[in-house]
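Working notes, structure below.
The values are calculated or read from the model by the stated rules, or taken from the named source; none is laboratory data. Keep in mind it's a predicted model, so treat the numbers as computed, not measured. Cβ: placed from backbone, ideal geometry, glycine included. Neighbour counts: every protein chain shown.
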Amino acid sequence: MGSQKISMIEGIKKIYSDVEFDYDEEVDVLYVSFGKPSKAISEDLGNGVILRYNEENDDIVGMTLIGIKKRSTH
């Protein structure tokens, strides 16, 4: 993937008509999906952030955020 990280980050900025959130309180994980479910590659970006993207076109299809409660300041 390497040099494609920039285009993936730009993909996050796209406006999606269908965004879904699913929070698992038991394990403190937030799943975010953009658009219709599709096959994806996962990349661990560190700090509890996993990015899911379509390998064919580099579109971001979702994110997993681990440890959301720990990140909250409220």
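Considering the stretch 49-73, the residues that are out of contact with any Phe, Trp or Tyr (no Cβ under 7 Å at 6 or more places or on another chain) and assigned to a strand (DSSP E or B) include one that is surrounded by the most Cβ atoms within 10 Å (Cβ to Cβ), namely Tyr53. Cβ-Cβ contacts under 7 Å between residues 6 or more apart (or on different chains), taken from a first residue in the stretch 27-50 that is of a type in the set (A, V, I, L, M, F, W, C) to a second residue that is not in a strand (DSSP E or B), are listed as Leu30/Ile68; Phe34/Tyr16; Ala40/Asn54; Ile41/Glu55.
Of all residues in the stretch 35-72, those satisfying the criterion of being of a type in the set (Ser, Thr, Tyr) and in contact with a strand residue (DSSP E or B) (Cβ under 7 Å, 6 or more places away or on another chain) are Ser38, Ser42, Tyr53, Thr64. Summed over the stretch 36-48, residues that are outside any loop (DSSP other than H, G, I, E, B) and either on the phi > 0 side of the Ramachandran plot or among the hydrophobic types (A, V, I, L, M, F, W, C) (or both) total 3.
Scanning the stretch 31-54 finds no residues that are modelled with pLDDT under 90 and in contact with a Ser or Thr (Cβ under 7 Å, 6 or more places away or on another chain).
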